[in-house]
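Enquirer: Input: one structure, supplied below.
The values are calculated or read from the model by the stated rules, or taken from the named source; none is laboratory data. None of these values were measured; they are calculated from a predicted model. With ideal geometry, Cβ positions are generated from the backbone for all residues, glycine too; neighbour counts draw on all protein chains shown.
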Amino acid sequence: MTIILGIESSCDETGVGLVRLGPDGAVELLADEVASSVEQHARFGGVVPEVASRAHLEAMVPTMRRAFEVAGLRLSDVDAVAVTCGPGLAGALLVGVSAAKAYALSLGVPLYGVNHLAGHVAADTLEHGALPSPTLALLVSGGHSQLLRVDNLAGEITEIGSTIDDAAGEAYDKVARVIGLPYPGGPPIDKAAQRGNPAAIPFPRGLTGPRDAKYDFSFSGLKTSVARWVEARERDGEEVPVDDVAASFQEAVADVLTAKAVRAATDLGMSTLVISGGVAANSRLKQLAAERCAAAGITLRVPRPRLCTDNGAMIAALGAHLVAAGVKPSSLDLTTDPALPV
Ligand code: KG4
Ligand code: ZN
């Protein structure tokens, strides 16, 4: 039996997770503690890197203590440490990597520097078990929007598409600002959209022309289009129908994400789609993905929202897959890479 400690600090969430790797390769979740600095960034409308780094430093040890308490474990029970070494904010990543090195060195256990994006995919194994090979993953959050072909979580992951400008969550956050909803914009837009008409305004679907990249995304034009539409209304002294704008914007995002994901899975012969990242909590995205996957004969897997947003458990889970696959640990010279590719 092996206990893996996972540490996540790539953005504004300090995450500490503990998992148990069983002899059969099954990974069991023991603790998943997260401290978020999101409220400290709210008045800026986005994550402020310096504020995030300081918050990680303050939260790291208390979050660690809580995780061990919840799991009923002691530090000396840990057999390996996994930590996000990229992609993410440089200063934020450094806090987690420094902490992980200190724990690994003092405990005399192996250290695994892991990729945050692969961690998001690994999160689903905590809820739904091992992934079939190959699996298509759609990662949608404030920092990333990607389609990944996952042959093996322990190393064979290929990017087949990504956003060429804003991430989907970033578009939610920016549009929320335009229509006067709070940060982060995903949850309030999702809520307002329930009351609005998704067909009220025909916002553009980015990169869906016949000559556009088949599996890439673009959300910057959509965001600008929403801003122009709202500005025109305000200029004319008309009230902005917030619920309709939210619903129409949300429909454009969910439409493009699900259409491209289902198309990629079908074209490339993958029969399972995993959606993860903060935006995977979106009600319309989940609904449309379920409809379109069912129609195309694709199995849809979406972990619960808590596992979709940044957390340490997904990093511990990925560490467990690396241990199980016999992957060589990182050295204590491990560094961070803010632009680490998958
Ligand atoms: O994965 P996450 O917690 O952090 C990273 O960005 O890595 O994702 C946060 C993003 C934010 O942009 C937030 O607005 C978005 O996920 N989000 C949502 C919903 N809940 C959170 N977007 C759409 N619908 C939601 N229900
Ligand atoms: Zn993330």
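Enquirer: Of (1) within 16 Å of ligand 2 (Cβ to nearest atom); (2) surrounded by fewer than 21 Cβ atoms within 10 Å (Cβ to Cβ), Ala154 satisfies all except one. Which?
Expert: Here Ala154 meets the rest and fails (1).
Enquirer: Condition check: over 20 Å from the mean Cα position of the chain (by Cα) and either in a helix (DSSP H, G or I) or in the same structural domain as Thr158 (by TED's automatic domain parsing) (or both). Does Ala246 satisfy that? Step through it out loud before you land on a result.
Expert: Numbers: over 20 Å from the mean Cα position of the chain (by Cα): yes; either in a helix (DSSP H, G or I) or in the same structural domain as Thr158 (by TED's automatic domain parsing) (or both): yes.
The answer is yes for Ala246.
Enquirer: Something else about it: Could you go through the range 42-57 and let me know if any residue there is closer than 30 Å to Leu181 by Cα, among the β-branched types (Val, Ile, Thr), in a loop (DSSP other than H, G, I, E, B) and assigned by TED's automatic domain parsing to the domain that holds Asn115.
Expert: yes
Enquirer: List the pairs whose first member sits in the range 261-288 and is within 16 Å of ligand 1 (Cβ to nearest atom), whose second member is among the basic types (Lys, Arg), and whose Cβ atoms are under 6 Å apart, counting only residues at least 6 apart or on separate chains?
Expert: Listed by first residue and then by second, the contacts come to Val274/Arg301.
Enquirer: Continuing with this model, one more query. List, please: which pairs have Cβ atoms under 7 Å, are six or more places apart or on different chains, and start with a residue in the range 76-96 that is β-branched (Val, Ile, Thr) and end with one that is assigned to a loop (DSSP other than H, G, I, E, B)?
Expert: Val78/Val109; Val81/Val109; Thr84/Ser9; Thr84/Ser10; Val95/Ser9
Enquirer: Specify the residue that is farthest from ligand 1 (Cβ to nearest atom); the eligible residues are those in the range 167-184 that are outside any helix (DSSP H, G or I) and modelled with pLDDT of 95 or more. Show your work before the answer.
Expert: Pass one, the range 167-184, residues outside any helix (DSSP H, G or I): 167, 179-184.
Subsequent filtering for residues that are modelled with pLDDT of 95 or more retains 167, 179-181.
Values: Ala167: 7, Ile179: 13, Gly180: 15, Leu181: 10 Å.
Checking each candidate, the answer is Gly180.
Enquirer: Just checking, does the range 71-90 include any residue being under 24 Å from His321 (Cα atoms) and polar (S, T, N, Q)?
Expert: Here is the first cut: in the range 71-90, the residues under 24 Å from His321 (Cα atoms) are 71-88.
Then drop every residue that is not polar (S, T, N, Q), which leaves 76, 84.
The answer is yes, given that some residue of the range 71-90 is under 24 Å from His321 (Cα atoms) and polar (S, T, N, Q).
Matching residues to (1) assigned to a helix (DSSP H, G or I); (2) among the basic types (Lys, Arg); (3) closer than 30 Å to Glu159 by Cα; (4) assigned by TED's automatic domain parsing to the domain that holds Ile164:
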position	(1), (2), (3), (4)
Pro210	no, no, yes, yes
Glu231	yes, no, no, yes
Gly237	no, no, no, yes
Ala261	yes, no, yes, yes
Ala280	yes, no, yes, yes
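Enquirer: Take Ala254 and tell me if it is crowded, with 19+ Cβ neighbours inside 10 Å, away from ligand 2 (no atom under 16 Å from the Cβ), under 22 Å from Arg43 (Cα atoms) and free of Cβ contacts under 8 Å to residues at least 40 places away in the same chain. Give the steps one after another, and end with the answer.
Expert: Numbers: crowded, with 19+ Cβ neighbours inside 10 Å: yes; away from ligand 2 (no atom under 16 Å from the Cβ): yes; under 22 Å from Arg43 (Cα atoms): no; free of Cβ contacts under 8 Å to residues at least 40 places away in the same chain: yes.
It is false that Ala254 is crowded, with 19+ Cβ neighbours inside 10 Å, away from ligand 2 (no atom under 16 Å from the Cβ), under 22 Å from Arg43 (Cα atoms) and free of Cβ contacts under 8 Å to residues at least 40 places away in the same chain.
Enquirer: Being modelled with pLDDT under 95 and either farther than 23 Å from Ala52 by Cβ or within 16 Å of ligand 2 (Cβ to nearest atom) (or both) is true for just one of Gly108, Gly119, Gly143, Gly86. Which residue is that? Write out each step before concluding.
Expert: Working: Gly108 fails: modelled with pLDDT under 95; Gly119 fails: modelled with pLDDT under 95; Gly86 fails: modelled with pLDDT under 95.
Only one candidate passes the filter, namely Gly143.
Enquirer: Right, something else. Do you know which of the residues in the range 290-312 that are in a helix (DSSP H, G or I) and without any contact (Cβ under 8 Å) to a residue 40 or more places away in the chain is farthest from ligand 2 (Cβ to nearest atom)? Before you say what the answer is, go through the steps one by one.
Expert: Within the range 290-312, the first condition is being in a helix (DSSP H, G or I), and the residues that meet it are 290-296, 305-308, 312.
If we keep only those that are without any contact (Cβ under 8 Å) to a residue 40 or more places away in the chain too, we end up with 290-296, 305.
Working: Ala290: 23, Glu291: 26, Arg292: 24, Cys293: 23, Ala294: 27, Ala295: 29, Ala296: 27, Pro305: 13 Å.
It comes out as Ala295.
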